[in-house]
1. Roughly what would the spin-label model give for residue 345 and residue 41, points 7 Å off Cα along C-beta, in nm?
2. So for region 124-183, if I pair up every lysine 8 or more residues apart or on another chain, how many of those pairs have alpha-carbons under 22 Å apart?
3. For n ≥ 4 DSSP H runs only, could you compute -39500 (n - 2.57) per run for the chain, divide by its residues and tell me the 222 nm figure to the nearest 500?
4. If you count, for each residue, the other Cβ atoms within 10 Å and average over each peptide, how do 99-111, 280-292 line up from highest to lowest?
5. What size of dipole, in debye to the nearest 20, comes out for the chain about its Cα centre when the only charges are +1 on Lys and Arg C-beta atoms and -1 on Asp and Glu C-beta atoms?
6. With each label point set 7 Å from Cα along the Cα-Cβ vector, what nm distance links residue 227 and residue 177?
7. Which is farthest toward the positive dipole end of the chain among 267, 245, 4, measuring Cα position about the Cα centre, with Cβ charges +1 (Lys, Arg) and -1 (Asp, Glu)?
8. Which residue, chosen from 285, 340, 310, occupies the Cα position most advanced towards the positive end of the dipole of region 207-361, where the dipole is computed from +1 (Lys, Arg) and -1 (Asp, Glu) charges on Cβ about the Cα centre?
Amino acid sequence: MTIWRWAEYFSDTPVENQITLGEGNTPLVRSRQIGPQAGLSQLYFKLESSNPSGSYKDRYAAAAISDMLDRGQTRSVGTSSGNTGSAVAAYCARAQIFCEIGVMETTPIGKLKQMRAYGAQVYKIKGLGLDLATSERAMKELQLKTERPDYQLQISAFRFSPRGMVGVKTISYELAEQASFLETKVEHIFSPAGGGGLTLAVARGFADLVERSELSSMPAVHCVQPSGNDTIAGPLRDGSLQGRSCSCTSEISGLQVGANVDGDAVIKICRDSGGTGYLVEDPVVWKVQQRLACEEGIFCEPAGAVALAGALEASRRGEVEKHAPIVCLVTGIGFKDPASVDRMIEGGDCPTINADQIQHQ
């Protein structure tokens, strides 16, 4: 099963142009250690890291590149901090569409190599994602380029690429179905945010189900950001109506988006759902990433641990009921960011021993 089983919910792309690599249908697993230790008896993880290129962005890429095929477009161009680029490059290879990607200078080497392995043309843009003026200039240049009819802009945000982002709503459709199998109803969703596209897509996905009378109400959708990239979570918690731009100081790859991209829409829909914003420090995220690996067997990149860091903060504050069904989105696999893995296993290489030394280990 892929995201296209939900096609009638989000797309009018004909079946013959629906590109897939088997994305979607990702596991929902219950916490065995971290949740119970925090007093959260129904803490779940949605493992988007199990998608074909290793992140939830495959849902975006499947919808976006299928739309390009349907429109007869042959050249994809966009920017990425890593995961969008990897996903788009994979699906462009599948569709045999030319792929050009401008990336941040801080993009982890694992993501860079993955994009290039798929055959994408990749270049780094100085200051992208970290400097607001540079990011805006890059967007303008790309938008000029995509005025040509054979190009389509691929940036994973509703503001820039809504035809791809609708594919991300399938996370919500799956969660509702998986929760029904567990004979429960999700009450809280914790979502990491850079530009806010994922959080907005998930909230809109649940809103779709309410509109279709498949759910009576939607869960509270909470936006979690690194404190060094507070464009949405702080304003959401503080009662503001709009997001804000900032100079990003966070080192969490994938969430370094200093511009207010989808923030205004995220704030409205999260607040309407009963959700709020949470800010977490980078060292806390790295610790939670390590805990997910050692205590739950879940190998994720730092951005994939941000939602859980937010949920644990919500529990500490007493802002979620201990027995409420809570889902944290684990967005990308650990291989994406080798430097973060080195941080987790700090202490040197594993030893090499002789066979007769085994009994002494």
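Nothing in this text is a laboratory measurement; each read-out follows from the coordinates by a stated rule. This is a predicted model, so every value here is computed, not measured. We place every Cβ from the backbone using ideal geometry, glycine too, and count neighbours over all the protein chains shown.
1. Result for the modelled spin labels: 3.8 nm.
2. Details: 124/140; 124/145; 126/140; 126/145.
For region 124-183, qualifying lysine pairs total 4.
3. Helices in the chain give a 222 nm mean residue ellipticity of -11000 deg cm²/dmol.
4. Details: 99-111: 21.4, 280-292: 19.8.
Those peptides, ordered most packed to least, come out 99-111, 280-292.
5. On the way: 35 positive and 41 negative charges, 81 e Å.
Here the chain has a charge dipole of around 400 debye.
6. 4.1 nm
7. 245
8. The residue sitting farthest along the positive end of the dipole is 310.
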